[in-house]
Structures are given as structure tokens and as C-alpha cells.
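Just below is one structure, and these are the notes that go with it.
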Amino acid sequence: MRAMKRALTSVFCLVLATAAVAQQQKLAPMDMFRLNFFMTMNAEEPVAWLDADHYLVFDAGKQPRGPSSWSRVEAQTGKRERYVDKSALLASLGEDVDAGEVEGLGAWTWNESHTRFVLNVGGDLYAAGRDGATVRLTKTPDSEEVGVRFSPDGDSVAFVADYNLHVVPSAGGEVRALTTEGHADLFYGRLDWVYQEELYGRGNFQGYWWSPDSAKIALLRLDESPVEEFVLVSDVPARPTVERTNYPKVGEPNPIVDIGTIAVADGETQWFDVSDYPAEDRLVVRVTWAPDSSEVLFQVQNREQTWLDMRAGSVATGKSRLLWRETSDCWVEAGPEPQWLDGGSAFLWLSEKDGFKHIYKFGRSGEAQGRLTEGEWQVKKLLAIDEAAGFAYVTSDKSSPVETHLYRVPLKGGEIERITTGRGTHDVEMVPGNQAFVTHWSDANTPPCTYLRDLDNKDLRVIARSQPQMMKAFGVTEPEFVQVKARDGFPMEAILIKPADFDENKKYPVVQHTYSGPHTPRVRDRWGGRDFLWHQLLAQRGYVVFICDNRSASGKGRKYAKACWRNLGQSELRDLEDAVDWLAAKPYIDGDRVAIWGWSYGGYQTLYNMTHSKKWAAGVAVNPVTDWRLYDTIYTERYGGLPSNNAEGYEKGSGTKRNRLPSLDNAGIHLP
């Protein structure tokens, strides 16, 4: 089978090379998927670092497909050795577990030292070491165990089952329920749909956090009883399945959230006093422990998210104190957790309080101790702190609003220094010890490549190199980055993709792509994946492709994103109309044949534009929000407020309120 796959890969590459010699060919829809796959096939992905010189991978080695195994990789040479005896592991698991279940990375949970792991397979949990010898931790195949986490000392494993939090010794032993009152409308240590989707990150249902000393667990309790149920009926099988999910729509009740700690030894629970915040107007949006395990820092917001309180809860007393309140003239988005320094007496914090995301320093008691960065640019991520060297490492768009680079920031203040060079976008992970970093780099023409580099930006090793030459057979054209001035002079970033045989004396129809949602730019100097290849396909068929970020989607800071606050769709439309006017003024553009398409928020904006403007002759709205009153609470109320406070904004922002000639509503796009 592996030999066959190698042969197929070779044949595919040979076909591309032959086509390049003979003639350039047009992209087919399938090429969006197979090209995107083959150009990055076999890319090695570091999963976890063991030390400054070695990392773990979980893959099939040099084969494009096949059984995955854990290997330890010598970072600078790429030399591999098996890390887990998988044969012994499968033999120890026996016939009760399908071997295919261990192929998913999500089934594995490692302790901090990466000496033992837990497998969530066969409806139960199994612990093992690198030798593959397993110990069965649970014997409840009818109860799903989720959210598996080792304690920091590695002695215990926590998980949620039947809506309750449990612990078990990692070496095997008695399973103890730390909570017992959980049910389908009362979650302990587990997030519901809207909390994971809009606050903690899609797919992250983790609602508990181990203390650094492994003695306690902080957890959220979500009372789902006020939340309305939404019913989904599958349209695929002959006998449709029905899925029921708690889904709060705008203005409806959210889950009631509480936060506390529970002692692992005896189950003693301490709920923090949050009575200052009405239950119906309370969100707990981030949770983290102080390094000494004496306090839990948690962030509280009102449901419209116009302010954010940082609180510290005492594990001993259950009382909490306010460290500070951050306010805004629009919204406050939950930031990442604090990053500690000075032995736990201070921490760094990312905030948009001045309209741009920057690094601030606070003392343990909440006193402001200055800021590390400032300017009309954004710190994207705070990656690591190296107190010995006196630097914090961040990614930022300081050099260009369409690029992301690695910088080091002096902890005592001063000019920040750019480390990565050239063009493009870097997604960076610092190596333990902060003397090197791994970057996943790409630009608009190049699929992602992975490099190990030192702090002088010199390559220590090319971990994975993509193969953009595969696109040569199809004659793709390079995107052109431009700036478009809105009516008030705001510079909107944009991309033009023209046909390879572009003739400025011809008139070309346009397909415009948009997302438009707050802080979500589409114009970036990075690989665009299948969308990039789809747009190249359109260019090959005689269209000019146009992508322009309206100001609220630009990613240039809350100062500009707030243009859409409480009037969703409307400011975006004005900016996009200005963009079309700019483009239509070009002599090679047919201004009567401009189409627009988008997905999710972009689908909404497409629908809104088509029903509120005559600038576009056609539109394709994929998975659109048709009316914000039908969407979930936390996302929509952050940007639109409550309907009771902003009825006019919701009415004007509806994508179903037609405000243009109905004769245009049935227009379509034909690909020659």
C-alpha cells in the first residue's frame, strides 16, 4: 500500500511536469484539493518539545499515509528514533480496542514530562509509559470521558464524565467523582456550545484547570436550564437523525456561570463570591492560576462585553478582589491569560485599551507598571518571556499590516527588534530556552514551509519545504497587493488577481471575495490554500479577482474595527462600495459585471450587499447569517449589543430586508 502511494505521488508529479513542458493547463475544481495536499505532503510537524534539542512528532514518517507513531526527533539533524513501543501498546490494549482508534492525535494526552500518556479509546481511559504497557483507568464504556488532563506532578488524571469532574491515580486505582450533581443541564468542568465557540476557542470544551501544586482544580459550573434548545435535523441519511443543542440566540438567556476550586484530596469545594455580577449578565471569559497556587485569576464581563474585570480569588477564603476594570467606547475582547514574571509578583498582559493590541505590565495586586509596546500597529501574540536575557518574544505586524514577523521586546522598555526578515507571514513557536524558534512561514505565492532558526534568523534546519513548483503547470499568476482609499481616506488593503493573458485594453468581469467580520482580514501575505487556487481558477476563466478588507475587518486595531459597532453590515457596505468604485474606475474593468461571494460572516455581508446596494450584479452567500437576531448571544452582542438597547441597529443590519430592485436578486455567475 505504501509503495502504491509513493508511486501515485510520483505519477502526479510527472503529470504536472509533462503538462508544464507541453502547455499550461487550466485548473479544475479537484486541483484546489489535490494541489493543496501534494504541495505540503509529508510536512513534519513538531507536536511537543522534550528539551531544547529534541521534539516529538506523531506521523507516518516519510509515507503520505499510514499508521502514525511517536518519534523523537533531533531538532538540528532530523534524526529520528521511536519514542513509544506501539506494537507492545496494541498488544497490551488487546482486542477490546480497535487499533485504528490510536491513530488519532486527539486520543493521546501526555504528562508534562512526556514520560507517560493516557489513551481515550474503546470507551475508556488507559495509561501507559513509553514501553507500551497499559493500565486501565476506567471501566465505564457506556460513559464518555472527555477533557482528560494530567496533574502537573503527573500523579493524577482528571476528566469529565456524565457532566461531573473525576480524578484517578495515573498508575491506576480508585476513580473518584469530585462533583456528583452534574446532569444534562448542569455542567461541572465542561464548557457548553456557546462558551467554547465564542470565548475559549472552537473545539475547546475544557472548563477546569489544575493548580500548579496539583492540590486543587479550578472549575466552571454552567447552569444550562435557562438556555433555549435548538433542534438540527440531518439531511443526509434516509432516516434523518435529530440533534438537540442548547443554543442561546441574541437577547435570550445565557448559561449561568459560577467559578470555584475543589480540593483533589477530599473534594472540598470553594465557590468564589461573584454576587456583584447579576447571574443573567455575567460571563467568565478566562481562568488561570497564580504561580504559588494561592489565587485564581479570572476575567468577568457583562454580556454586551463593554467592560472586563480582572479578579483574583483566594483559594483559602473564597473571596475575590478586583485588580482592575478595563472599559471601552465599544467592546472589550477577552485577552489571553497573564504571563508571569518576577517570581510571580508581576505579569504581562495584552490589551487593546488604546485602540491597538499592546503589552502592559501589572503587579500581582493589579497596579499598573507601565507598557512595553506602543504605536499604531498590533502585537499578535506574546510567545515567551526570557527574564535572564531581558526580552519578551512576540509576533507583530509592525513592519506591514499584511505581514507577521517575530520580534523581541526589551522587558525594561526600549525599541523592539525584528528578528525575521523578508516578506510573508510567520507563525512562530519558541524553542525551550528561547535560543531558537520554529516558524511556519508562507507568503501569497508559497505554501507553508517549516524552519528551525536561531535568534539571528539563520536556518539551523529546514524541517519541511513545500513544493510551489507544482503550480507552474497551471500558470498561476502572482497576486498584486494594493491600497484602496475609502471616502474618508482610510487605507484599505486589497489584492488583485488578473488572468495570465491579461490585456489592459479589454474589459473584464470581477469576482470579489469578502469576509468583512471584525478583526478578520483576508488580505494577508500568506498562503491562501484552496481559496487561492479557486481564485486562480476564476482568473484563468477570464475574471479579475478582487479582495478588499473593509476597515472593521482590517486587523489594524480596535480603533478601526469599532466602525461596525452596533451597526453590523452598514459600515462594511460603505467601505466595500468605495472599493468597487475604485476598481470600476480602472479602464480594464466592466463595472456592470461585478459579483461578490463570501462564507459565514462573508456570506452575511454578501447577502446584505445584494439587498442594500446596486454595486453588485451577482452574489453567492455561503452559510450566511441572514439576520443577527437569529445568531448566538456572545458573538453578536459583543458587536451589536442587546436588541433591547439597539433595536434600530438590528433592524437595519438584517440581510433579509430588501432595499434594492428585485430584478437583480436572481442574477448568477457562469464559468465559461
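Of all residues assigned to region 217-233, at least one qualifies as being at negative phi, acidic (Asp, Glu), within 26 Å of the chain's Cα centre (by Cα) and part of a loop (DSSP other than H, G, I, E, B).
Within region 133-142, the set of residues being under 13 Å from residue 87 (Cα atoms) and either under 33 Å from the mean Cα position of the chain (by Cα) or open to solvent by 50 Å² or more (accessible area, probe 1.4 Å) (or both) comprises 133 only.
For region 501-511, the criterion of a residue being of a type in the set (D, E, K, R), under 19 Å from residue 595 (Cβ atoms) and out of contact with any Lys or Arg (no Cβ under 7 Å at 6 or more places or on another chain) is satisfied by at least one position. Number of residues in region 69-105 that are surrounded by fewer than 15 Cβ atoms within 10 Å (Cβ to Cβ), under 15 Å from residue 45 (Cα atoms) and of a type in the set (Gly, Ala, Ser) equals 2.
Would you confirm, using the coordinates I've provided, whether residue 439 is at pLDDT 95 or above, out of contact with any Leu (no Cβ under 8 Å at 6 or more places or on another chain) and of a type in the set (S, T, N, Q)? Considered against the rule, which asks whether it is at pLDDT 95 or above, out of contact with any Leu (no Cβ under 8 Å at 6 or more places or on another chain) and of a type in the set (S, T, N, Q), residue 439 comes out as no. Under the condition of being without any contact (Cβ under 8 Å) to a residue 24 or more places away in the chain and in contact with a strand residue (DSSP E or B) (Cβ under 8 Å, 6 or more places away or on another chain), the residues counted in region 461-498 number 6. Listed here are the strands (runs of 3 or more DSSP E) enclosed by region 287-405 that have at least 1 residues being of a type in the set (Ser, Thr, Tyr) and open to solvent by 60 Å² or more (accessible area, probe 1.4 Å): 320-327. The residues in region 168-209 that are part of a strand (DSSP E or B), open to solvent by less than 30 Å² (accessible area, probe 1.4 Å) and aromatic (Phe, Trp, Tyr) can be counted, and the count is 3. Checked against the criterion of being farther than 28 Å from residue 284 by Cβ and of a type in the set (A, V, I, L, M), the candidates 121, 160, 175 yield just one match: 121. Within region 250-268, none of the residues are within 26 Å of residue 179 (Cβ to Cβ), among the polar types (S, T, N, Q), open to solvent by 20 Å² or more (accessible area, probe 1.4 Å) and at pLDDT 95 or above. The residue pairs whose first member lies in region 376-391 and is closer than 10 Å to residue 408 by Cβ and without any contact (Cβ under 8 Å) to a residue 24 or more places away in the chain, whose second member is open to solvent by 40 Å² or more (accessible area, probe 1.4 Å) and assigned to a loop (DSSP other than H, G, I, E, B), and whose beta carbons are closer than 9 Å, counting only pairs six or more residues apart or on different chains, are 390/412. Scanning region 470-497 for residues that are among the basic types (Lys, Arg) and closer than 24 Å to residue 610 by Cα yields 485, 487.
For residue 489, state whether it is closer than 30 Å to residue 584 by Cβ and buried (at least 16 other Cβ atoms within 10 Å of the Cβ). Taking the combined requirement at face value, the residue does not satisfy it. Return a yes/no flag: does region 118-140 have any residue that is at pLDDT 95 or above, part of a helix (DSSP H, G or I) and farther than 17 Å from residue 217 by Cβ. Checking region 118-140: not a single residue is at pLDDT 95 or above, part of a helix (DSSP H, G or I) and farther than 17 Å from residue 217 by Cβ.
For region 165-187, taking the residues that are farther than 17 Å from residue 155 by Cα and touching a residue at least 24 places away in the same chain (Cβ under 8 Å), the one that is farthest from the chain's Cα centre (by Cα) is identified as 179. Checked against (1) in contact (Cβ under 8 Å) with a residue 24 or more places away in the chain; (2) within 21 Å of residue 74 (Cβ to Cβ); (3) buried (at least 19 other Cβ atoms within 10 Å of the Cβ), residue 451 meets all criteria but (1). Residues in region 434-480 that are assigned to a loop (DSSP other than H, G, I, E, B) and either under 22 Å from residue 39 (Cβ atoms) or among the aromatic types (Phe, Trp, Tyr) (or both): 444, 445, 465, 466, 467, 475, 476, 477, 478, 479.
Listed here are the residues, each with its yes/no results for (1) part of a helix (DSSP H, G or I); (2) open to solvent by less than 40 Å² (accessible area, probe 1.4 Å); (3) closer than 30 Å to residue 400 by Cβ.
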site: 547; (1), (2), (3): no, yes, yes
site: 566; (1), (2), (3): no, no, no
site: 573; (1), (2), (3): yes, yes, yes
site: 590; (1), (2), (3): no, yes, no
site: 593; (1), (2), (3): no, no, no
site: 598; (1), (2), (3): no, yes, yes
site: 610; (1), (2), (3): yes, yes, no
site: 619; (1), (2), (3): no, yes, no
site: 635; (1), (2), (3): yes, yes, yes
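The rows are residues; the columns are (1) basic (Lys, Arg); (2) open to solvent by less than 30 Å² (accessible area, probe 1.4 Å); (3) closer than 23 Å to residue 404 by Cβ; (4) assigned to a loop (DSSP other than H, G, I, E, B).
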| residue | (1), (2), (3), (4) |
| --- | --- |
| 482 | no, yes, yes, no |
| 502 | no, no, no, yes |
| 524 | yes, yes, yes, yes |
| 533 | no, yes, yes, no |
| 538 | no, yes, no, no |
| 552 | no, yes, yes, no |
| 560 | no, no, yes, no |
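Residues in region 406-437 that are within 19 Å of residue 549 (Cβ to Cβ) and either among the β-branched types (Val, Ile, Thr) or open to solvent by 20 Å² or more (accessible area, probe 1.4 Å) (or both): 423, 425. Taking (1) closer than 19 Å to residue 448 by Cβ; (2) outside any strand (DSSP E or B); (3) not aliphatic (A, V, I, L, M) in turn, residue 55 satisfies each apart from (2).
The values are calculated or read from the model by the stated rules, or taken from the named source; none is laboratory data. Fair warning: this is a prediction, and the values are worked out from it, not measured in the lab. When we count neighbours, we look across all protein chains shown, and the Cβ atoms used for this are built from the backbone with ideal geometry, even at glycine. Heavy atoms of the whole protein, side chains included, go into the accessibility calculation; ligands, DNA and RNA do not. Shrake-Rupley method; radii C 1.70, N 1.55, O 1.52, S 1.80 Å.
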